[in-house]
Structure formats: structure tokens, C-alpha cells
């Protein structure tokens, strides 16, 4: 979209192995690229996919090189599920869950070059949220 394929491109992704793959010892792998990080922890037949980050900027493309991406939308189901969860909370829970009225540079506390950033807990504990029904095959809790 911004013609910076040396920095942002759909082919700039990496796979990293941490530890030595083993049937009995812990190890992991990470798949990452621009706006994507998926971490896998493996121990025997247990595989945990967390933490995971997926993002898009912009979420809705208003333009694109030769209009190739114009009108593209990302994360429609995830956005709808997030709003449904928020609407299911009581007023007090919503007040705790919404930590900022708008985005700002404050949201980049753990951005690039901020390894091991210490951030205070804020928001709402997921255990206090009402159970959500899965929609479109995606579990929301």
C-alpha cells in the first residue's frame, strides 16, 4: 500500500526455533513478520500458541498502489467479537475494561526496542467477564 517493500512486504516473515526440537524437552518456535508474531511452546505432545499478536494498519484500506488494496478490510470478525464482549459487560466492568478513550503514543509502551518493558496491570480480569458464545467458528472465551 505504501510502496516500501524493503521494510513492509507480504513476503518478509521469519521462522525462529528456540531450544532444540525434542519429544521430551521443552522448545519453541516463533513465526513473525510485519504486524504478526505467533509463538509456540512445545513440550511432548503439548503445544501452546501464545503469546500471539496480529494487527493491521490501516484496518480498512482507503487507498492502495494502483488501487490494488482499496476497500480491503481486516479483522472484521475479531472486531465484532470484541464489541460483543464489551457490550456484554456491566457499566462498572466497562469502566474498568476501557483504559483509554482514544489511542495515543502511550499504546506503544512495549513497541520496538522496548524488550522487557514493565507495564502495570490495567483493564479487567478475563475471569470476571461473562462467558461468550463462539461465533463463526471463533471462540471468544
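Summary of computed values
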quantity	calculated
Inter-label distance for residue 129 and residue 115, nm, one decimal - labels placed 7 Å from Cα along Cα-to-Cβ	3.0 nm
Simple spin-label estimate for residue 52 and residue 16 in nanometres, 7 Å along Cα-Cβ	1.9 nm
Net length gained if the chain between residue 74 and residue 41 were fully extended (0.36 nm per residue, minus Cα distance)	9.2 nm
Gain in span if fully extended, residue 62 to residue 92, counting 0.36 nm per residue against the direct Cα distance	7.2 nm
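Quick note: the coordinates plus some simple rules give every number you see, no bench work behind them. None of these values were measured; they are calculated from a predicted model. Positions of Cβ are generated from backbone atoms using ideal geometry, with glycine treated the same way; all protein chains shown enter the neighbour counts.
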